[in-house]
Amino acid sequence: NTHFGGYFFTQPSFEVFMLHIYDANNHIRRAFERGDSVTDLINLAPTEVSIWVFDGVGAKKPRLALYPEYKAKRNVQAALDSGFFDFLRAIETDLLKHCKNTFVMKQPCMEADDVIAALVEQYRASQQILIHSNDADFQALVDENVSVSDRSKKLAHVEPHDIRLYKTLVGDASDNIGGIEGFGDGKWQVLTETDKEAWRCFLKEEIPEWMGDNLYPLNGLTKKPLEWMKVTDNQQLLRVYWQIVGFLPVNMQELSDKYTSVGVYNPAKFQETLDKFMWS
């Protein structure tokens, strides 16, 4: 038996089992757009623990408080018109609760990314973890115990420990993060490890003596990004980007006590739900 979250699950007789964590909105959205069958998407009786993490109500609020333009360019209306959100809610509330070895987590004012990152940090030392998503942000969590099912090509050239810094300096269009004006991938490629560490210190406002008058990260910048960076408001904006693209802290006790439900294996109810929504 394997202990997880206050429950015991029967596992195959392997020394290390795989913990499957699903970025629910991402994973279900891609299946919905491909037209996959629900029975291919959802396993009624997985032999290993599966955790489906959904964005909570008001998920974007903490980051919007820091940066009101966060994800401003995303086309939510298209998802509404397609019926995706109805499909997502039905899976969350009507289907997963009948599945064996399955948890559903949805914490108010928390994005799934943050919850997943917190779960990874808590369990990475005790078992292998597979994150089911193609979100490039999760590449920052990859190591010998943590893998991602669909590695995004978008940041394939960036080392996991550099993902946060890369997105801060270069930007991330999907989250409407602008980065430094005029600082693109080409300039990132020529940064040394010392340069990267200087940028991290600058962004965290932890300036060591070797950085002198705080201008060390600006060394080597060409005219356009240098002019942008010399504006105090832009320096603060860059530090806001740094906060936003990192993973926010999660109250794990509260998540476990209040915002986690565990499936009760019920094949008949599972099939009844499929029939109700005319799914196959």
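The values are calculated or read from the model by the stated rules, or taken from the named source; none is laboratory data. Note that the coordinates shown come from a computational prediction; the quantities given were computed from them, not determined experimentally. Note that we place each Cβ from the backbone using ideal geometry, even for glycine, and neighbour counts take in every protein chain shown. The protein model used for the area step is the full one, side chains on, heavy atoms only, and it has no ligands, DNA or RNA in it. Shrake-Rupley method; radii C 1.70, N 1.55, O 1.52, S 1.80 Å.
Points worth noting:
- Of the residues making up region 141-157, those that are open to solvent by 10 Å² or more (accessible area, probe 1.4 Å) and touching a Leu at 6+ places or on another chain (Cβ under 9 Å) number 3.
- Between 253, 243, the distinction of being open to solvent by 30 Å² or more (accessible area, probe 1.4 Å), touching a residue at least 40 places away in the same chain (Cβ under 8 Å), within 30 Å of residue 120 (Cβ to Cβ) and not small (Gly, Ala, Ser) belongs to 243 only.
- The residues listed here are 180, 116, 131; of these, the one that is part of a helix (DSSP H, G or I), of a type in the set (A, V, I, L, M, F, W, C) and in contact (Cβ under 8 Å) with a residue 12 or more places away in the chain is 116.
- The residue that is least open to solvent (accessible area, probe 1.4 Å), counting only those in region 256-277 that are out of contact with any helix residue (DSSP H, G or I) (no Cβ under 8 Å at 6 or more places or on another chain) and among the aliphatic types (A, V, I, L, M), is 262.
- Among the residues of region 13-63, those identified as in contact with a Phe, Trp or Tyr (Cβ under 8 Å, 6 or more places away or on another chain), farther than 17 Å from residue 89 by Cβ and of a type in the set (Ser, Thr, Tyr) are 37, 39, 50.
- Residue in region 83-98 that is part of a loop (DSSP other than H, G, I, E, B) and touching a helix residue (DSSP H, G or I) at 6+ places or on another chain (Cβ under 6 Å) present: no
- The single condition among (1) of a type in the set (Ser, Thr, Tyr); (2) open to solvent by 30 Å² or more (accessible area, probe 1.4 Å); (3) within 21 Å of the chain's Cα centre (by Cα) that residue 232 does not satisfy is (3).
- Candidates are the residues of region 39-53 that are under 24 Å from residue 128 (Cα atoms) and open to solvent by 50 Å² or more (accessible area, probe 1.4 Å); the one that is modelled with the lowest pLDDT is 47.
- Qualifying residue in region 54-70 (condition: open to solvent by less than 30 Å² (accessible area, probe 1.4 Å), in contact with a strand residue (DSSP E or B) (Cβ under 6 Å, 6 or more places away or on another chain) and modelled with pLDDT of 80 or more): no
- For first residues located in region 34-53 and touching a residue at least 24 places away in the same chain (Cβ under 8 Å) and under 26 Å from residue 117 (Cα atoms), partners that are of a type in the set (Gly, Ala, Ser) and in a loop (DSSP other than H, G, I, E, B) and lie 6+ apart or on another chain with Cβ distances below 9 Å form the pairs 49/5; 50/263; 51/5.
- When 210, 188 are checked against the criterion of being surrounded by fewer than 19 Cβ atoms within 10 Å (Cβ to Cβ), over 15 Å from the mean Cα position of the chain (by Cα) and modelled with pLDDT under 90, a single residue qualifies: 210.
- Meets criteria (buried (at least 16 other Cβ atoms within 10 Å of the Cβ) and at pLDDT below 95) for residue 103: yes
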